[in-house]
1. What angle do you read, to the nearest 10 degrees and between 0 and 90, between the alpha-carbon axis of helix 59-69 and the longest principal axis of the chain?
2. Cα axis of helix 108-121 to longest principal axis of the chain: angle in degrees, 0 to 90, nearest 10?
3. Per q in 0.07, 0.12, 0.13 1/Å, what log10 I(q)/I(0) does a Debye calculation on the alpha-carbon atoms of the chain return?
4. What is the Cα radius of gyration of segment 1-117 over 2.2 N^0.38 Å, N being its residue count?
5. Could you tell me the relative contact order of the chain? Use alpha-carbon pairs under 8 Å, at least six residues apart, and round to a whole percent.
6. Let me see the P(r) profile for segment 61-105: every Cα-Cα distance counted, bins of 10 Å, each bin given as a percent of all pairs.
7. Given 37 °C and 0.692 mPa s, how large is the Stokes-Einstein diffusion coefficient of segment 1-45 in µm²/s, with Rh as the Kirkwood radius over Cα pairs?
Amino acid sequence: MTTAPTDGQRVVVLTGAASGIGYATAELFRDRGDLVYGLDISPTVPDGVENVECNVGDKAAVDAAVAHCAQHGRIDVLANVAGIVQFGRVDGITEAEYDRVLAVDLKGPFFLMQAALPHLRACGGNIVNVSSVAGNKPQGYSAAYSAAKGGLTQLTKAMALELAPEGIRVNAICPGTVATPLVDHVAANFPPDLDPRVMDRLMMMLPGPAITPAEIGHAIVYLASPEARMITGSILAFDGGMS
């Protein structure tokens, strides 16, 4: 048993908490006084966040992790942040790579929402998913990723519609290029002979540096807050005009 939430303290379950957007968002929820469970395959979550080891693409692991996080009877916020990116020409994507992208980026959020739903109902909680600009507009050289994130965007809308009568809100954020180690790794492994006409679609229109993880984190925290009580089924493009 972990420490029970105090009066007024929310229980937040957040995936991908060991790096990038997930790490920054876990810090923000922690700093506002929430009891935060950080799900990840890595233990390097922020101080003050309880690490729960979980492969989100494994339904049994997800069910066990959610049961642990809900041990006090409720989940106020579920933030599905974990994700992987796969870039390359479509004819080079293996079945294993395709399955892995869909497992983490689409099946994982579905498993988590399904497992958390009874505990969200117990307290009128809400869900925030992190999709992608690729979930709004297709991107070349990312067929598996675009398919998964497009699915997550539509899954968000479908669940928002279904759960609205119960007062459970479901929203998604679609980031563009975020300054994370994951994006750096992807950029270093682009196919060497990319068509510039395709690459132009991956450029942000607004000037300035790449989006920071904390900027996305603040948007997640807002959508999960009481101040956003009338927002559901929203797909927030956070991409500098890419879409």
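Here, each number is a calculation from the coordinates, and none is a lab measurement. This one's a predicted model, so the numbers in the text were calculated from it and none came from an experiment.
1. Relative to the chain, helix 59-69 is tipped by roughly 40 degrees.
2. Long axis of 108-121 versus the principal axis of the chain: about 20 degrees.
3. -0.21, -0.63, -0.74
4. Values: Rg = 14.9 Å, N = 117, 2.2 N^0.38 = 13.4 Å.
For segment 1-117, the normalised Cα radius of gyration comes out at 1.11.
5. 20
6. Calculated over all Cα pairs of segment 61-105, the distribution is 20, 37, 23, 15, 4 percent.
7. 307
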